[in-house]
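Chemist: Sharing a structure with you now.
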Ligand code: UD1
């Protein structure tokens with residue numbers, strides 16, 4: 001039931017304030033000794049000691065689920081102090097890459113039935129790793145076959161292009177990071193700030209959804225382009241990859257997410273006055289580096305669209321010469337949840353304007369259950 005919406009993707013983008021609330025429901029509780037709230041993940045609590053002792057955390061997924069893990073890696077590394085690596089499920093299986101008993105392998109899949117992720121799970125189980133699932137589907141193969149896990153509880157997602165599952169996956173992985181790090185005193189202030197950020201996040205998503213008309217307007221400008229580059233770094237490298245994935249999978253426009261730190265190692269050659277480039281430059285520890293990227297792209301006459309924190313227009317628009325999209329600021333590790341929303345809206349409107357099928361993109365299936 002699409003209610004007042006024309007497409008499931010549109011409905012699912014707009015219901016993210018509610019889906020995120022459901023994801024967090026009952027999981028942020030008043031902590032024992034501290035005055036603030038802390039995280040309780042029922043599915044992980046008996047396994048946290050084992051996870052904290054592991055030598056490595058390996059996230060395994062495909063497509064959007066992989067991107068969600070990429071968005072969460074910095075905060076999991078920071079709060080756990082454990083090295084975190086990422087694997088695309090098919091690539092891990094192709095290489096038969098090393099997985100050890102001392103590893104915690106975390107499998108991320110909306111449907112819980114992704115064929116490649118299931119093969120990687122069998123492989124990690126054989127190799128003796130602790131296997132943790134993060135899925136939206138109770139009773140799915142991943143939920144059943146992992147040792148433990150967390151349901152993201154985002155509600156049924158019908159649009160082939162994942163939107164609300166992506167933001168709920170990031171929130172769950174931030175909560176997993178909080179749970180793993182909960183035994184360390186040194187980062188308590190940081191953890192409390194993130195919990196406060198999580199509680200307020202649905203309101204901030206509601207705010208960023210007000211950009212709907214603005215993104216429709218931007219889509220009109222981009223309707224006939226061949227290609228769109230999306231530059232990000234740090235917490236928002238994942239946003240660049242996921243934004244580009246949304247654009248290409250539904251609007252059938254070529255799009256590529258680029259790690260801004262890699263700009264001079266190839267992508268800069270593409271920059272001219274015609275190719276549109278979306279640069280994510282919201283406030284975090286990488287902001288000044290992104291300002292310098294903007295300067296350099298501008299010096300090569302790049303056609304820039306910059307995403308920045310509210311109030312930062314003057315700091316990013318190189319003398320008012322580029323289009324700016326302002327988003328609300330949240331805790332740095334949660335910013336990817338906010339920043340993906342305008343790109344989801346852009347992909348949606350581009351698709352409608354270009355006359356393609358939003359909910360059933362050409363050649364794609366919702367859950368990839370075959371290899
Ligand atoms: C659980 C209940 C929820 C109830 C809550 C009350 C279920 C599915 N959830 O939620 O209805 O309101 O307690 O405290 O009954 N698991 C895996 N692999 C996965 C995902 C989950 O093994 O990929 C396991 C977990 O380790 C856990 C169980 O499935 O044992 C349920 O997980 P989850 O729904 O996340 O747990 P709660 O949030 O505690």
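The values are calculated or read from the model by the stated rules, or taken from the named source; none is laboratory data. These numbers were taken from a predicted model, which means no experiment stands behind them. With ideal geometry, Cβ positions are generated from the backbone for all residues, glycine too; neighbour counts draw on all protein chains shown.
Chemist: Working only within region 110-120, note down all residues that are crowded, with 23+ Cβ neighbours inside 10 Å, within 24 Å of residue 174 (Cα to Cα), touching a helix residue (DSSP H, G or I) at 6+ places or on another chain (Cβ under 6 Å) and touching a residue at least 40 places away in the same chain (Cβ under 8 Å). Don't jump to the end; show me each part of the working.
Modeler: If we filter region 110-120 for residues that are crowded, with 23+ Cβ neighbours inside 10 Å, which is where we start, we get 110, 112, 114, 116-117, 120.
Okay, now just the ones that are also within 24 Å of residue 174 (Cα to Cα), so 110, 112, 114, 117, 120.
So of that shortlist, the ones also touching a helix residue (DSSP H, G or I) at 6+ places or on another chain (Cβ under 6 Å) come out as 110, 112, 117, 120.
Matches in region 110-120: 110, 117, 120.
Chemist: Looking at (1) within 29 Å of residue 165 (Cα to Cα); (2) over 18 Å from the mean Cα position of the chain (by Cα); (3) surrounded by 15 or more Cβ atoms within 10 Å (Cβ to Cβ); (4) at pLDDT below 95, can you tell me which one residue 315 breaks?
Modeler: For residue 315, the failing item is (1).
Chemist: Pick out the one residue from 284, 359 that is over 21 Å from residue 262 (Cβ atoms) and in contact (Cβ under 8 Å) with a residue 24 or more places away in the chain.
Modeler: 359
Chemist: Please tell me if residue 248 is surrounded by 15 or more Cβ atoms within 10 Å (Cβ to Cβ), closer than 18 Å to residue 64 by Cβ and within 19 Å of the chain's Cα centre (by Cα). Before you say what the answer is, go through the steps one by one.
Modeler: Working: surrounded by 15 or more Cβ atoms within 10 Å (Cβ to Cβ): yes; closer than 18 Å to residue 64 by Cβ: yes; within 19 Å of the chain's Cα centre (by Cα): yes.
Yes; evaluated as a whole, the condition is true for this residue.
Yes or no, residue by residue, for (1) in contact with a helix residue (DSSP H, G or I) (Cβ under 9 Å, 6 or more places away or on another chain); (2) within 18 Å of residue 48 (Cα to Cα):
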position	(1), (2)
147	yes, yes
150	yes, yes
154	yes, no
158	yes, no
165	yes, no
170	yes, no
175	yes, yes
180	yes, yes
185	no, yes
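Chemist: Taking the criterion of being more than 16 Å from the ligand (Cβ to nearest atom), without any contact (Cβ under 8 Å) to a residue 60 or more places away in the chain, surrounded by fewer than 17 Cβ atoms within 10 Å (Cβ to Cβ) and not in a helix (DSSP H, G or I), would at least one residue in region 126-148 satisfy it?
Modeler: There is at least one residue in region 126-148 that is more than 16 Å from the ligand (Cβ to nearest atom), without any contact (Cβ under 8 Å) to a residue 60 or more places away in the chain, surrounded by fewer than 17 Cβ atoms within 10 Å (Cβ to Cβ) and not in a helix (DSSP H, G or I).
Chemist: If I ask for residues that are under 14 Å from residue 206 (Cα atoms) and either surrounded by 20 or more Cβ atoms within 10 Å (Cβ to Cβ) or more than 22 Å from the chain's Cα centre (by Cα) (or both), which ones from region 16-25 would you list? Even if it seems obvious, please write down each step before you answer.
Modeler: Applying the first criterion (under 14 Å from residue 206 (Cα atoms)) to region 16-25 yields 16-21.
Within region 16-25, 16, 19, 20 meet the criteria.
Chemist: Can you say whether residue 156 is within 16 Å of the ligand (Cβ to nearest atom) and crowded, with 22+ Cβ neighbours inside 10 Å, as far as the supplied structure shows?
Modeler: Values: within 16 Å of the ligand (Cβ to nearest atom): yes; crowded, with 22+ Cβ neighbours inside 10 Å: no.
Considered against the rule, which asks whether it is within 16 Å of the ligand (Cβ to nearest atom) and crowded, with 22+ Cβ neighbours inside 10 Å, residue 156 comes out as no.
Chemist: I've got another one for you. Could you name every one of the helices (runs of 4 or more DSSP H) located completely within region 1-109 that has at least 3 residues being more than 16 Å from the ligand (Cβ to nearest atom) and either within 27 Å of residue 367 (Cα to Cα) or in contact with a helix residue (DSSP H, G or I) (Cβ under 6 Å, 6 or more places away or on another chain) (or both)?
Modeler: Helices (runs of 4 or more DSSP H) meeting the threshold: 8-14, 16-24, 63-80, 89-95.
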